[in-house]
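The values are calculated or read from the model by the stated rules, or taken from the named source; none is laboratory data. It should be emphasised that the depicted structure is a prediction, and the values quoted were computed from it without experimental measurement. Please note: Cβ atoms are built from the backbone with ideal geometry, for glycine as well, and neighbour counts cover all protein chains shown. When the accessible area is computed, the model is the full protein with side chains, heavy atoms only, and any ligands, DNA or RNA have been set aside. Shrake-Rupley method; radii C 1.70, N 1.55, O 1.52, S 1.80 Å.
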Amino acid sequence: MTAKKLFLVLGICFSFAVTIYGAKIPKIVKITVEPKETAIYINNTLAGYGYAEFTRPKKKNEVVIIRCECEEYKPILTKFYGGDKRSSLSFALMQDGFYRASAASGIVNKFFTIDIDSMYYEIKDGKVDVSAAWKLLHQILLNYFDEISTTDFYGGYVQTPWQYKTFTMSDRQIRNRVTIRDISTPLKPAFQIKVSSEVAGSNAARHGEFTEVDRIPKEFEPIIQELQTRIGKVSSL
């Protein structure tokens, strides 16, 4: 075989090898994520829900940032380098422990009014005596809190300290407290009650940067019903 023919054969073999190699590594990389409603971001740009594609980086050290987010699940943040030979990626998000151990509530973070049951108040000389309701109120609160931070019978004001809770498989922390105002009149003995609920990530919690949330720890749920039914009945929200 002449040198010219040998060079031609080697060139063909090299071109064939390059073609085969190129075929083994597709240019498009596919991403699938469970649950299907998960938002997939490629380099901070929304690329799809549950499924997305992106073009493989040309250089080995070039990187693509992948972020997957879905409400009630822990997010995923990962990198894909050009030297990675995978043509598809698959992820399954883990449910955030905060959502497993808390419940949605449409009554938290706003005052609602309880008309006091007649067995828990008396009207003497045109004045309302709610000391029986006041006593029951404290009993209910102390079933859920170790102490009551502020109690002013004559001023008609009660407030518990913040109660903090962390969750397994979650970086969130929640805090709750109860505030009660006596708004009684001889015509309408009543309390106004607010169950506050706030949440923060671990870093924000260290700085006291909590924000209101419409959820409450499941073990804390019964306090709302007790406050609504044991002292009297809800008149308005």
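Taking the range 52-79, which residues are under 30 Å from ASP214 (Cα atoms) and in contact with a strand residue (DSSP E or B) (Cβ under 9 Å, 6 or more places away or on another chain)?
Step one: filter the range 52-79 for residues under 30 Å from ASP214 (Cα atoms), giving 66-77.
Scanning the range 52-79 gives ILE66, ARG67, CYS68, GLU69, CYS70, GLU72, TYR73, LYS74, PRO75, ILE76, LEU77.
In summary, strands (runs of 3 or more DSSP E) completely within the range 26-138 and bearing 2 or more residues that are without any contact (Cβ under 8 Å) to a residue 12 or more places away in the chain and over 30 Å from THR166 (Cα atoms) occur at 45-49, 122-124. Please list, ordered by first then second residue, the pairs with beta carbon atoms under 8 Å, 6 or more apart or interchain, first in the range 208-237 and open to solvent by 40 Å² or more (accessible area, probe 1.4 Å) and among the aliphatic types (A, V, I, L, M), second at pLDDT 90 or above and assigned to a loop (DSSP other than H, G, I, E, B). Close Cβ pairs (under 8 Å, with a partner that is at pLDDT 90 or above and assigned to a loop (DSSP other than H, G, I, E, B)) amount to LEU237/ILE107; LEU237/LYS110.
Residues in the range 163-178 that are in contact with a Ser or Thr (Cβ under 7 Å, 6 or more places away or on another chain) and polar (S, T, N, Q) were compared, and the one that is surrounded by the most Cβ atoms within 10 Å (Cβ to Cβ) is ASN176. Each residue in the range 47-71 was checked for being closer than 28 Å to SER202 by Cβ and open to solvent by 70 Å² or more (accessible area, probe 1.4 Å), and 3 pass. Taken over the range 188-207, residues that are open to solvent by 40 Å² or more (accessible area, probe 1.4 Å) and without any contact (Cβ under 8 Å) to a residue 40 or more places away in the chain amount to 4. Here THR160 passes the criteria (1) more than 25 Å from THR32 (Cβ to Cβ); (2) surrounded by 17 or more Cβ atoms within 10 Å (Cβ to Cβ); (3) touching a residue at least 24 places away in the same chain (Cβ under 8 Å) except the one numbered (3). Taken over the range 151-186, residues that are at negative phi and assigned to a loop (DSSP other than H, G, I, E, B) amount to 13. Hey, any hits in the range 132-139 for a residue that's in contact with a Lys or Arg (Cβ under 6 Å, 6 or more places away or on another chain) and either modelled with pLDDT of 90 or more or buried (at least 17 other Cβ atoms within 10 Å of the Cβ) (or both)? The answer is no; no qualifying residue exists. Taking the conditions (1) at pLDDT below 95; (2) among the polar types (S, T, N, Q); (3) at positive phi in turn, ASN43 satisfies each one other than (1).
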